[in-house]
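The block underneath contains the structure these notes are about, expressed in structure tokens.
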2 protein chains.
Amino acid sequence: MKLSTRGRYGLRAVIDLAVHDNDGAIALSQIAERQGISMNYLEQLIPKLRKVGIVKGIRGAQGGYVLSKPAHEISVGDILRALEGDLNPVECVEVMGTDTTCTNSDTCVTKNVWKRISDSINDAVDGIMLSELVEESKRVNNEASTDTSQKLNC
Amino acid sequence: MKLSTRGRYGLRAVIDLAVHDNDGAIALSQIAERQGISMNYLEQLIPKLRKVGIVKGIRGAQGGYVLSKPAHEISVGDILRALEGDLNPVECVEVMGTDTTCTNSDTCVTKNVWKRISDSINDAVDGIMLSELVEESKRVNNEASTDTSQKLNC
DNA sequence: CTAATTCCTATTAAATCACTCGGCTTTCAA
DNA sequence: TTGAAAGCCGAGTGATTTAATAGGAATTAG
């Protein structure tokens with residue numbers, strides 16, 4: 001019941017990108033260095049974010065990545081689901097009504113348990129917008145004001 | 001971000017045990033057969049439940065397992081945490097204040113995200129008591145009333 | 001005693017994770 | 001026009017975890 005590094009690194013990368021949003025295209029190498037993440041590995045996470053329209057790649061020299069829509073239109077849920085797949089604790093809880101796997105879903109007691117967990121997770125992450133995290137990141141780094149690099153942990 | 005079979009099988013096993021609570025000690029072989037779970041594997045999950053005082057083993061012939069406290073005093077959270085370990089989405093979110101790993105927790109923006117996810121998961125599972133699931137299981141099986149075996153899926 | 005049962009430890013095949021690596025394509029800048 | 005900077009893509013790999021299986025010791029009712 002843990003998020004993988006995909007979700008953790010990926011969220012940090014997107015926050016980093018969002019914080020530097022008005023600096024034009026940001027090269028992956030910059031994000032990787034600031035966040036202390038292997039660039040090769042980050043490169044694997046990006047396609048997942050690109051596919052759902054969170055980031056956009058700009059190829060060629062002086063290229064890099066930008067957010068493909070404003071930060072207040074991107075939720076943490078969007079980011080984490082792109083990176084981790086659906087956030088349901090079990091397979092059988094699908095999008096609502098579309099029970100593919102679980103055959104005896106009528107007599108299944110545990111299903112309601114998984115549903116409640118699933119809903120609470122998704123509600124939580126959908127309630128946090130990327131813009132909030134950007135604000136918080138800037139505020140925290142101003143207070144600390146030691147270095148301007150947006151180094152994030154966890 | 002999925003529960004393992006430990007949590008899924010284990011919860012079903014405990015529900016099964018709770019449903020047959022007044023039949024005396026229940027052999028693992030019975031639970032395994034009713035739930036369609038390998039007995040050898042179930043045997044590995046039991047120690048986790050025993051350690052936190054959810055079930056109690058009765059050794060010898062005619063032995064088996066019983067709940068070690070009433071079902072309304074056992075939450076789904078107790079069961080899942082026993083089987084899966086803590087339900088936090090990342091390591092660095094610990095019991096509140098005991099931040100062992102994450103060093104720069106002050107400037108860590110994502111930490112609050114993990115905290116909110118963690119809280120919502122734990123609130124959800126702690127709000128469901130085993131007794132509720134037993135009630136529901138009995139009700140559902142009466143309505144369906146095809147077989148008396150408490151076969152659960154998911 | 002003996003059969004049933006819990007209890008404990010070891011082994012294992014398969015999957016997943018967290019990367020690394022190499023090569024290709026696109027584009028800008030000099 | 002060419003070269004370097006970047007994104008893009010797929011294959012490979014060691015370590016860890018998962019989901020079991022297997023075997024045997026301890027315990028107890030009948």
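The values are calculated or read from the model by the stated rules, or taken from the named source; none is laboratory data. All figures in this text were calculated on a predicted structure; none of them were measured in a lab. A quick note on method: Cβ atoms are made from the backbone with ideal geometry, for glycine too, and the neighbour counts reach across all protein chains shown. Accessible surface is based on the protein model in full, side chains and every heavy atom, while ligands, DNA and RNA are left aside. Shrake-Rupley method; radii C 1.70, N 1.55, O 1.52, S 1.80 Å.
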Only unsatisfied item for B:Tyr65, checking (1) within 13 Å of DNA strand D (Cβ to nearest atom); (2) more than 14 Å from every other protein chain (Cβ to nearest Cβ); (3) hydroxyl-bearing (Ser, Thr, Tyr), is (1)
With criteria (1) modelled with pLDDT under 95; (2) of a type in the set (S, T, N, Q); (3) not in a loop (DSSP other than H, G, I, E, B), B:Ser118 comes up short on (1)
Of the residues in region A:1-29 that are outside any helix (DSSP H, G or I) and in contact with a strand residue (DSSP E or B) (Cβ under 9 Å, 6 or more places away or on another chain), the one that is nearest to the other protein chains (Cβ to nearest Cβ) is A:His20
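With respect to B:Arg50, determine if the residue is open to solvent by 20 Å² or more (accessible area, probe 1.4 Å), within 14 Å of another protein chain (Cβ to nearest Cβ), part of a helix (DSSP H, G or I) and within 16 Å of DNA strand D (Cβ to nearest atom). Give the derivation first.
On the way: open to solvent by 20 Å² or more (accessible area, probe 1.4 Å): yes; within 14 Å of another protein chain (Cβ to nearest Cβ): no; part of a helix (DSSP H, G or I): yes; within 16 Å of DNA strand D (Cβ to nearest atom): yes.
For B:Arg50, the condition - open to solvent by 20 Å² or more (accessible area, probe 1.4 Å), within 14 Å of another protein chain (Cβ to nearest Cβ), part of a helix (DSSP H, G or I) and within 16 Å of DNA strand D (Cβ to nearest atom) - is not met.
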Does any residue of region A:89-105 turn out to be at pLDDT 95 or above, within 24 Å of A:Arg12 (Cβ to Cβ) and buried (at least 18 other Cβ atoms within 10 Å of the Cβ)?
yes
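Okay, residues lined up against (1) more than 8 Å from DNA strand C (Cβ to nearest atom); (2) open to solvent by less than 10 Å² (accessible area, probe 1.4 Å):
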| site | (1), (2) |
| --- | --- |
| B:Tyr9 | yes, no |
| B:Ile15 | yes, yes |
| B:Asp23 | yes, no |
| B:Asn40 | no, no |
| B:Val66 | yes, no |
| B:Asp78 | yes, no |
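Quick check, is A:Arg34 open to solvent by 20 Å² or more (accessible area, probe 1.4 Å), near DNA strand D (Cβ under 9 Å from one of its atoms) and over 30 Å from B:Thr5 (Cα atoms)?
Values: open to solvent by 20 Å² or more (accessible area, probe 1.4 Å): yes; near DNA strand D (Cβ under 9 Å from one of its atoms): no; over 30 Å from B:Thr5 (Cα atoms): yes.
No: the conditions fail for A:Arg34.
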Right, B:Lys56: open to solvent by 60 Å² or more (accessible area, probe 1.4 Å) and under 16 Å from B:Leu80 (Cα atoms) or not? no
